[in-house]
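> Have a look at the structure that comes next, please.
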Amino acid sequence: MLRPTPLLKLLLALAATSATAAEPAIRNLNLRGLAIGSTTTLAFDGDDLTTTPKLLLPFAGQAELKPGNTDKKAEFAVTPAADVPPGYYQLRLVTDGGASLPVIVGVDKLPQLPFGKTVESLPAALHGTASGSGIQETTFTGKAGQKLIAEVEAQRIGSKLRPVVHLIGPERRQIGWSWPAPALFGDTRLEATLPADGTYTLTIHDLEYAAPNPSFFRLKLGQWSYVDHVFPSGVAKGQTQVLELIGAATTKLELPGQAAIGVLPLDWPQEGLWSGPRPFVTVSSTAETIEQATPAPPTGQELPAGLVAVSGRLAAPFEEDRYRVPVVPGSKLKLEVLAERTGSPLDVALIVRNDKGAPLARGEDSPGTIDPVLEYAVPADVNSVTIGVADALGRGGPRGAYRLLIDPQSPGETRSDFLLITAIQRIAIPDGGRMLVPILAERRGYAEPIDLSAARLPAGVKLDNVTIPAGADGTLLTITRGEEPAEATIAALAGKTSTGDERTVAIKDHPLARLQPWLASEIAFAPTSLKATDYAIDWGDLAADAALVPTAKLTLPVKLVRPDENTAVRLTLVTSQIEPLNNNRPDPARTLRLEKAVEIAPKMATGEAVVLVPAELASPVYDLSLQAEFLSADKKTVLATSFAPVRRMEVRRQVLLTLEGGPKFEATLDPKAGATVTIAGKLERREGFTGDVTLALTGPAAVTATIPPIKADASDFTLTLKVPANQPVGEIPLKLAGTFVPDPKQANVRVKTLDLDFTLVLEASAN
Amino acid sequence: MRHFLSLLIVACLATSAVAADPPLAGPIMVHPAAVKLTHHRQPQSLQVLATTAEGYSLDLRPQAKFASAAEKIAAVDSTGWVRPVASGQTEVTVTVLGQTLKVPVTVSLPAAELAHSFRHEVMPALSKAGCNMGACHGYSLGKNGFRLSLRGADPEQDYLFITKEFFGRRVNLEKPEASLLVAKPRGDVPHEGGIRFKKGSLVDGILTDWVRGSAAGDLADQNRVVAVRLVPETLVLHPNEPHQLQCLAEYSDGTVRDVTRLTVFTANNEQFARVDDEGLVQAGDAGETAIVARFERTFAATSVLVLRPNPSFVAAPLPQHIIDRPVVAKLNRLKIVASPPADDEEFLRRVYLDLIGVQPKPDEVRAFLASTDAAKREQTIDALLARPELVDHWSLKWGDLLQNSRNSVSSQGMYLFREFIRGAVAANMPLDEFARRILTAKGGGSDDPASAYFAISKDTNDTVERSTQVFCGIRMLCARCHTHPLENWTQADYYGVASFFSQVSTRADTRFPGVQNAKLVQLNLAAGPAINPRTSRGQQPKFLGGEAPALAAETDRREAYALWLTAKENPLFAKSLVNRLWSYFFHRGIIEPVDDIRSTNPPINPELLAALTKDFAEHGFDARRLMRQIVTSETYQRASTPTESNESDEQNFSHAIPRRVPAEALLDSLVQATGVPESFGGAPAGFRAAQLPDGNVTSSFLNLFGKPQRMEACECERDNSSNMLQALHFINGASILGRVQNANGRAAQLVKQKLSDEELIAELYLWSLARRPSPKELEVSLEFLKSYGDARTDAVQDMLWALLNSKDFLLVR
């Protein structure tokens, strides 16, 4: 498994220095909310705010800087336009030094007030902090029969508070309490009907009375409407669908057919006071089905063949919905349910049953969630199965929605999908400067090139190196800016395939990725006043055809420009490699890295960095650059950061394998003797390698191979495969790979060739 | 019918106006009032009973004369045993104290004498002889190669072992009296277990005659003992006075059999009464105990009260209060004069410690003492019931009982369960709802905080034992492996309850990767019942001591159990909770130990427990209401100083018995008294001892004073005893010395206030003991202060230290 996060975090940290330390930072905010159509005063605490920061609003409205600001404090009178939809938004401060990281605010029509001892009138959104073991308390006047909602937004807006709320009545008896709920992403909501007239007390504290920082909260108190789920949560492209917005009550909405796939924020209903995360649906290219209202036969509702998604609801405790799907014998059926991850209260079990209803396989949880993922190998004589979606814990009810994804995979068939991720949330670009943004492709079967583009770029900003090559991990997207003035913007990056499939580039591990996914693709582009030409790094005498040879070292010569030659320069390698992992930890042995830390001494205009190329590299090509940090004389401050132009380097492997007549080889299976197949192959040695190669076959244990070692003077080989008589006929996927020692002086360093995939097609004997 | 006949005899006697000495409170009763004999070998004893005007039980059988009107139908001996002779009807005349009573006798014998029954004669005989007790052949591995089921739990197995094992060498059909089955326990051949019965005894006769009759097995006989009764059910005796008991077994076919001679009798406390093999009770010292009878595997008990005559005793008038009435009634029966009410200071400190777990502060003491309102105690109680410390104090008790601990669940799960408990206490959630919420919880802690209850259980058996102990006050552990030795519970009972919980298991909660003990309580509705290891078969769900309900397939069986458990008419739930709550305010439960309720451990005041139980159930299992009833009672508010009359009584709530303050309340009171807070490792900053989340905190003080680690669902895990280490800690420990000498502590603050000596002493007493000094104490204290001269700070510190080391601080009086 590849985990790009650590590397991206490192790059994020590096990128953060690119606009020098003057990039603004928000430490705190007095209110984590804004009232639509009203003016709310937001007071920011932070660093490097300058005296003229701007508030980068993600919606229509006004943000007026109030007088009296300092470099550590800034106040804005913010008025969202009256038609701004309620929801969560990200606010950023922009200065000449760049853009801050975002803070999340809740936007609705509730009055926004600091948390205090008393609330004069409801509803209201109260903003406060519950740190450590502290218990925050407020009171309000209630009436008998009055319905009340007390909802805390904390985890959802970036706080680490695990909120617990207690409502205490006029007689000091507790009316109710609520705790961090998975369905609210760790936040809490208490709903009560007040039993008597009088003064009520509401307290908030951390679940373990040890709130980590930051521990701010936004307590909404009173009555309003919200949406917890949308049913169905997925619709097919072009399909008109009536959606249910499910909250305390259910509202229906007709969604016209959508042309583009992706996440679609929904309009709020016209009537009512709405608050909370904005609802959305996923428009997919997949066939989408709704669970039938009429009772299905015991074998289940009939579904079409192929990739299909079903939106259903387990309306009663312990209910099981069943779906009958046609399957190809010998194929694999990949099943997944989305329920807990979309805020449903369900704990779902997936059950594969035969036509008589007997269970064949069951799935419960998957990593990080109680939603099940199940891969079922369809037996050779089975043409249909019934898939059960069962409420395992009796939490079925009106809110018990789920989405079942059924993905049949025939032998040899591969899915073609990918995700694009980055760790960069803000880009500060100096005048005439260059920034690199690693965009990594998490490939799920899709191996072709991906072209990147951006929406809402500031004027004069251009993208280069926009193509992720076929099979590559990613690209170092190069962003350059001319010298013309430009305004900061909130942009988004996307990647498109040659067939037109488009995916938005998402910020990895973004806190709102599941709640309002479109916010996870917001990237702030902020021009800075720094002159890029003052500090520069470029390649020295680096060969145009420089490449990455496994286990070899690659020397990268550089030349530097800086106004003050007395400054040292620190060099860091930046690549488009997805950081390989071993047991979920970064694996340096498989990572492109510098041999040692490089710092170019003052007055040196040139230098070099040596890259260690690991023995295994999965991608055919990687982008490389060097980041130069120009240090102050005391080396405590980074004066500027610059990047060498990106070099895309091919991986040149020392050994290539080919099989004659492949990649499919047919054989007839004798019912007594089995089958023996002989395949001829060739081995090509390159990059000066001349040694022995040992080949190995990977595949079903029953298939054995006789492969003699290939000596240094040989390049042809013969592969003899033996298949036992009891092997089922059909296609057998196999892999051939070789290992060798590229440098006899380092006998312990072995290199593995790329896997050579081929298929043995077994047919039954005519006898 | 039997009742009607008794009434008839009583009515007859009432007209005979015979003088008796001592004076009787009512008529002489013969029990049973009518005799029906249907078996050649099953005679019936007659009890001749009366009650004196002073309330003592009288056993008149030794002085009664018995005569049968037709010896050819039924014979009666001088001890009152009526034996069948031939079918027909007759009557037995009982003459005693100048009165004559007639007992109709009906004999309906089968044509021929029935063969000896293995199930109904041999098995009870083996139990009577002790052959199948745990120390002998009832041990799970048997003894010396001979194994019997414990206390006759498995007659089928026993029959096989006796008659078939080792080629049937234990029975000698040719020469029955030479059978090892009788020869060994009779001592004819060496027997490691010694002589168990004599030749010619009843047991010898049964066993020998059974072998003589071909050692047949009547294993198909479905007739079973359903209940055992002792007559009389209560005894009030003079010291050293004897009284015979009669044991009657009721069978599933409706017949009743006098099984006195085959019953095993034991006394719970032989200081107060002993009992012999024949059921003859011999009273001992003045006091109270119970005689327990076991026939086959069924128990019954008779309470025995031994009283010295007290002619000068004047019974107290019976109050109306639900608690005081049965308590005073009992004290009247015991001829005990209760202590007077506690004074205001004693009451106030006691009720504070008992209700909210901390002493009153000086201002609270002064205000209470100054008040002249007649209802000030009730007002104070109501105010305490609304205090937030009440939530801390009672949530701690429930947290202990429910074993909420980070040892078993994740930190988050533990805090969620703690919050659930606190919420329930704060809302005064009815305890039936509280129990139902817990016993039907499922999911992870973040889905349902009460689910931690099941996450804490090691397995289904653990759940059975915890649930029955906490919510029924019954210890079922023994019945997991064998029939309960002191109660009627069998493995079928145990696994019948287990089957309600056998659908529950836990799995890792994958939503919290890397979090230790993050568990999710899951249900497998298709799971079968628990397996009874005795039968190796699934045991169908059966309520504890109740029916086996018909449950729909694939439903959560816990729902049915929780509803049954918390039903108003359930004999276990309300009683156990009332008893448990009661024990928190007194030095013991009405049944003690509180979580060992069984027929062989009867309540000390059944009327009190019954009245409170009924009231508790009828008023919605309202814990605060029950607490209020208790603390507003005269019984609770009595002084701890005993009277001459009640100084030896520690069971009947005639005066308050001083108890050591529990660990958390002691530490919180110490912190309050000294003004120096405690910080606990492993707990949130600022938490008081009563607020601590579980036992996983660093506090040598709490460990020393018996704070439980929540490893058991037993009240006994909390150690409220006193020991030398505690005393040494108070004398030299940092908890006391450090606080007393703290520069910002109470002593230092009081010195700074420039108070007069009298005021200073009063403040020290109020902060430490929550009372004012007595005149004598004031005098001594003034001398003490003067003796320090100018070293006033030292004097105040030393005096505070001395007060904190006094019994008045360590004990709830």
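The values are calculated or read from the model by the stated rules, or taken from the named source; none is laboratory data. All of these numbers come straight from a predicted model, not from anything done at the bench. As a convention, Cβ positions derive from the backbone with ideal geometry for all residues, glycine included, and neighbour counts pool all protein chains shown.
> Checking A:Thr201 against (1) surrounded by 20 or more Cβ atoms within 10 Å (Cβ to Cβ); (2) more than 9 Å from chain B (Cβ to nearest Cβ), which test does it fail?
Just one mismatch for A:Thr201, condition (1).
> Working carefully through the options B:Thr463, B:Thr506, find the one that is assigned to a strand (DSSP E or B) and surrounded by fewer than 24 Cβ atoms within 10 Å (Cβ to Cβ).
Testing whether each residue is assigned to a strand (DSSP E or B) and surrounded by fewer than 24 Cβ atoms within 10 Å (Cβ to Cβ) leaves just B:Thr506.
> Now, a different point. Say whether the condition of being of a type outside the set (D, E, K, R), farther than 23 Å from A:Arg514 by Cα and touching a residue at least 40 places away in the same chain (Cβ under 8 Å) is met by at least one residue in segment A:53-70.
Yes, because at least one residue in segment A:53-70 is of a type outside the set (D, E, K, R), farther than 23 Å from A:Arg514 by Cα and touching a residue at least 40 places away in the same chain (Cβ under 8 Å).
> Inside segment B:500-516, can you point out the residues that are under 26 Å from A:Gly343 (Cβ atoms) and either away from chain A (no Cβ under 14 Å) or among the basic types (Lys, Arg) (or both)?
B:Arg507, B:Arg511
> Also, quick follow-up: Going by the structure shown, is A:Arg503 at pLDDT below 95, over 26 Å from A:Leu101 (Cβ atoms) and of a type in the set (Lys, Arg)?
The answer is no for A:Arg503.
> Here's another thing I want to ask about it. Going through segment B:614-645 one residue at a time, which ones are more than 20 Å from B:Lys397 (Cβ to Cβ) and either of a type in the set (Lys, Arg) or in a helix (DSSP H, G or I) (or both)?
B:Lys614, B:Asp615, B:Ala617, B:Glu618, B:Arg638 - these are the residues of segment B:614-645 that are more than 20 Å from B:Lys397 (Cβ to Cβ) and either of a type in the set (Lys, Arg) or in a helix (DSSP H, G or I) (or both).
> Can you work out which of the residues in segment A:340-368 that are within 9 Å of chain B (Cβ to nearest Cβ) and of a type in the set (D, E, K, R) is surrounded by the fewest Cβ atoms within 10 Å (Cβ to Cβ)?
A:Glu364
> Looking at (1) facing another protein chain (nearest Cβ under 10 Å); (2) out of contact with any helix residue (DSSP H, G or I) (no Cβ under 7 Å at 6 or more places or on another chain); (3) touching a residue at least 24 places away in the same chain (Cβ under 8 Å); (4) crowded, with 20+ Cβ neighbours inside 10 Å, can you tell me which one A:Asp371 breaks?
That leaves (2) as the condition not met.
> Provide a single number: the residues in segment A:318-332 that are crowded, with 16+ Cβ neighbours inside 10 Å and assigned to a strand (DSSP E or B).
7
> Turning to a different aspect of this structure: Give me the residue from segment B:665-689 that is small (Gly, Ala, Ser) and within 14 Å of chain A (Cβ to nearest Cβ) and, out of that set, surrounded by the fewest Cβ atoms within 10 Å (Cβ to Cβ). Explain how you work it out, then say what you get.
Going through segment B:665-689, the residues small (Gly, Ala, Ser) turn out to be B:665, B:669, B:673, B:675, B:679, B:681-683, B:685-686, B:689.
If we keep only those that are within 14 Å of chain A (Cβ to nearest Cβ) as well, we get B:679, B:681-683, B:685-686.
Numbers: B:Ser679: 10, B:Gly681: 8, B:Gly682: 14, B:Ala683: 22, B:Ala685: 12, B:Gly686: 14.
Among residues in segment B:665-689 that are small (Gly, Ala, Ser) and within 14 Å of chain A (Cβ to nearest Cβ), the one surrounded by the fewest Cβ atoms within 10 Å (Cβ to Cβ) is B:Gly681.
> Looking only at residues that are part of a loop (DSSP other than H, G, I, E, B) and of a type in the set (A, V, I, L, M) in segment B:344-389, which one is farthest from the other protein chains (Cβ to nearest Cβ)?
Ranking the qualifying residues of segment B:344-389, first place goes to B:Ala374.
> Then there is this: For segment B:728-741, name all the residues that are touching a residue at least 40 places away in the same chain (Cβ under 8 Å) and either among the hydrophobic types (A, V, I, L, M, F, W, C) or touching a helix residue (DSSP H, G or I) at 6+ places or on another chain (Cβ under 7 Å) (or both).
Across segment B:728-741, the qualifying residues are B:Phe730, B:Ile731, B:Ser735, B:Ile736, B:Leu737, B:Arg739, B:Val740, B:Gln741.
> Same structure, new question: Before we move on, is A:Val693 in contact with a strand residue (DSSP E or B) (Cβ under 6 Å, 6 or more places away or on another chain), within 30 Å of A:Leu592 (Cα to Cα) and crowded, with 17+ Cβ neighbours inside 10 Å?
Numbers: in contact with a strand residue (DSSP E or B) (Cβ under 6 Å, 6 or more places away or on another chain): yes; within 30 Å of A:Leu592 (Cα to Cα): yes; crowded, with 17+ Cβ neighbours inside 10 Å: yes.
Considered against the rule, which asks whether it is in contact with a strand residue (DSSP E or B) (Cβ under 6 Å, 6 or more places away or on another chain), within 30 Å of A:Leu592 (Cα to Cα) and crowded, with 17+ Cβ neighbours inside 10 Å, A:Val693 comes out as yes.
> For segment A:128-175, list the strands (runs of 3 or more DSSP E) that sit wholly inside it and hold at least 2 residues that are within 13 Å of chain B (Cβ to nearest Cβ) and not polar (S, T, N, Q); which are they?
A:135-142, A:163-168
> Does B:Val264 fit the bill of being within 26 Å of B:Arg41 (Cβ to Cβ), under 23 Å from the mean Cα position of the chain (by Cα) and β-branched (Val, Ile, Thr)?
yes
> Only one of (1) in contact with a helix residue (DSSP H, G or I) (Cβ under 7 Å, 6 or more places away or on another chain); (2) among the charged types (D, E, K, R); (3) buried (at least 17 other Cβ atoms within 10 Å of the Cβ) is not met by A:Arg481, so which one is it?
Tallying (1) in contact with a helix residue (DSSP H, G or I) (Cβ under 7 Å, 6 or more places away or on another chain); (2) among the charged types (D, E, K, R); (3) buried (at least 17 other Cβ atoms within 10 Å of the Cβ), A:Arg481 fails exactly one: (1).
> Which condition does A:Arg322 not pass, out of (1) farther than 30 Å from A:Leu512 by Cα; (2) touching a residue at least 24 places away in the same chain (Cβ under 8 Å); (3) within 14 Å of chain B (Cβ to nearest Cβ), if it passes all the others?
Failing condition for A:Arg322: (3).
> Of the residues B:Cys481, B:Cys472, which is touching a residue at least 24 places away in the same chain (Cβ under 8 Å), away from chain A (no Cβ under 14 Å) and within 19 Å of B:Thr566 (Cα to Cα)? Break it down into steps so the answer makes sense when it comes.
Values: B:Cys481 fails: within 19 Å of B:Thr566 (Cα to Cα).
Selected residue: B:Cys472, the only one of B:Cys481, B:Cys472 that is touching a residue at least 24 places away in the same chain (Cβ under 8 Å), away from chain A (no Cβ under 14 Å) and within 19 Å of B:Thr566 (Cα to Cα).
> Output the qualifying pairs, or none if there are none: Cβ atoms under 6 angstrom, residues six or more apart or on different chains, first residue in segment A:549-567 and closer than 21 Å to A:Ala633 by Cβ and charged (D, E, K, R), second residue buried (at least 20 other Cβ atoms within 10 Å of the Cβ) and at pLDDT 90 or above.
A:Arg562/A:Phe630
> Is it the case that B:Arg325 is surrounded by fewer than 23 Cβ atoms within 10 Å (Cβ to Cβ), closer than 30 Å to B:Glu241 by Cα, in contact with a Pro (Cβ under 7 Å, 6 or more places away or on another chain) and not acidic (Asp, Glu)?
yes
> Also: If you take the residues in segment A:181-198 that are within 23 Å of B:Arg511 (Cβ to Cβ) and not in a loop (DSSP other than H, G, I, E, B), which one is nearest to the other protein chains (Cβ to nearest Cβ)?
In this case the residue turns out to be A:Pro182.
> OK, next. Just to be sure before I move on: is B:Ala450 crowded, with 21+ Cβ neighbours inside 10 Å, within 12 Å of chain A (Cβ to nearest Cβ), under 27 Å from the mean Cα position of the chain (by Cα) and not in a loop (DSSP other than H, G, I, E, B) in the structure I sent?
no
> Give me the residue from segment A:209-247 that is over 26 Å from the mean Cα position of the chain (by Cα), surrounded by 20 or more Cβ atoms within 10 Å (Cβ to Cβ) and within 14 Å of chain B (Cβ to nearest Cβ) and, out of that set, nearest to B:Phe417 (Cα to Cα).
Here the residue is A:Tyr209.
> Tell me yes or no: at least one residue of segment B:550-559 is in contact with a helix residue (DSSP H, G or I) (Cβ under 7 Å, 6 or more places away or on another chain) and either free of Cβ contacts under 8 Å to residues at least 12 places away in the same chain or over 19 Å from B:Gly443 (Cβ atoms) (or both).
So far as segment B:550-559 goes, yes, one or more of its residues are in contact with a helix residue (DSSP H, G or I) (Cβ under 7 Å, 6 or more places away or on another chain) and either free of Cβ contacts under 8 Å to residues at least 12 places away in the same chain or over 19 Å from B:Gly443 (Cβ atoms) (or both).
> Wholly within segment A:623-714, which strands (runs of 3 or more DSSP E) include no fewer than the required count, namely at least 3 residues that are more than 30 Å from A:Gly97 (Cα to Cα) and under 38 Å from the mean Cα position of the chain (by Cα)? Talk me through it step by step, then tell me what you get.
Values: elements: A:638-643, A:647-650, A:655-659, A:664-669, A:675-685, A:693-698, A:704-706.
Result: A:647-650, A:655-659, A:693-698.
> With the condition kept exactly as written, say whether any residue in segment B:409-423 is under 26 Å from the mean Cα position of the chain (by Cα), at pLDDT 95 or above and part of a helix (DSSP H, G or I).
yes
> If only one of B:Val497, B:Val464 is more than 12 Å from chain A (Cβ to nearest Cβ) and within 20 Å of the chain's Cα centre (by Cα), which one is it? Before the answer, list the steps.
Values: B:Val497 fails: within 20 Å of the chain's Cα centre (by Cα).
Only one candidate qualifies: B:Val464.
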